[in-house]
């Protein structure tokens, strides 16, 4: 009875191990859902004339529900496409206008495609990875406040409006996948997106911004 039990246990362990390995091999598709926080590290240029010297802006952080789709090209190389809801960022006065408060807001969809290299064996429970992606940041639904109009000479009848250039940027990434079953896993990643853009005002002025946000993404996923 004991030998039969041991043989059954070994067979079950081999089946489970085979299932885990198979679930992480080349050709595997997985999806995940969670959240992402984008934290801009803003370095603003000066607002162009006419304006007070050193009139700059700061950009607030934003969090959104996100997810992603991952495809294993080999046991180690993967393509990863994050997806999710748009992020809403607020703009604030800084430098010479630091006390004026919120100047406006924008929504952004940072569309990124990553190439990832995953370390460890295909059947490992814990697999760290490095990635490099190309990001296209699309800004839309730009809204401005009375504070911006006050700074730039707008009025209630003719408020100052703004639009922001869409831009490409490189995005290196580091993260890990923890497989807590043959199908379910936790994916945690940090990445840095190198992004510089320019906001254009209806007053004819403009301001350049190096955003370079730090990004943290956490998701629970299912592997097919």
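The values are calculated or read from the model by the stated rules, or taken from the named source; none is laboratory data. Model, not experiment: these values are computed from the prediction. Virtual Cβ from ideal backbone geometry, glycine too; neighbours counted across all protein chains shown.
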Problem set entry | Filter result (under 16 Å from residue 111 (Cα atoms) and either assigned to a loop (DSSP other than H, G, I, E, B) or in contact (Cβ under 8 Å) with a residue 24 or more places away in the chain (or both)) within segment 77-88 | 79, 80, 81, 82, 84, 85, 86, 87, 88
For this session: Output yes when any residue across segment 197-205 is in contact (Cβ under 8 Å) with a residue 12 or more places away in the chain, buried (at least 18 other Cβ atoms within 10 Å of the Cβ) and farther than 30 Å from residue 50 by Cβ, and no when none is.
Result: no
Problem set entry | Qualifying positions in segment 159-183 - out of contact with any helix residue (DSSP H, G or I) (no Cβ under 7 Å at 6 or more places or on another chain) and modelled with pLDDT under 95 | 180, 181
Problem set entry | Any hit, segment 144-160, residues being more than 17 Å from residue 93 (Cβ to Cβ), touching a strand residue (DSSP E or B) at 6+ places or on another chain (Cβ under 6 Å) and surrounded by fewer than 20 Cβ atoms within 10 Å (Cβ to Cβ) | no
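Taking segment 53-71 as the region of interest, how many residues are farther than 16 Å from residue 105 by Cβ and either in contact (Cβ under 8 Å) with a residue 60 or more places away in the chain or under 22 Å from the mean Cα position of the chain (by Cα) (or both)?
First, the residues of segment 53-71 that are farther than 16 Å from residue 105 by Cβ: 53-56, 65-71.
From what is left, the residues that are either in contact (Cβ under 8 Å) with a residue 60 or more places away in the chain or under 22 Å from the mean Cα position of the chain (by Cα) (or both) are 55-56, 65-71.
Total satisfying the criteria: 9.
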Exercise. Which one is farthest from the chain's Cα centre (by Cα) among residues in segment 166-183 that are closer than 27 Å to residue 139 by Cα and surrounded by fewer than 15 Cβ atoms within 10 Å (Cβ to Cβ)?
Worked result: 166
For this session: State whether one or more residues within segment 204-215 are assigned to a strand (DSSP E or B) and closer than 24 Å to residue 34 by Cβ.
Result: yes
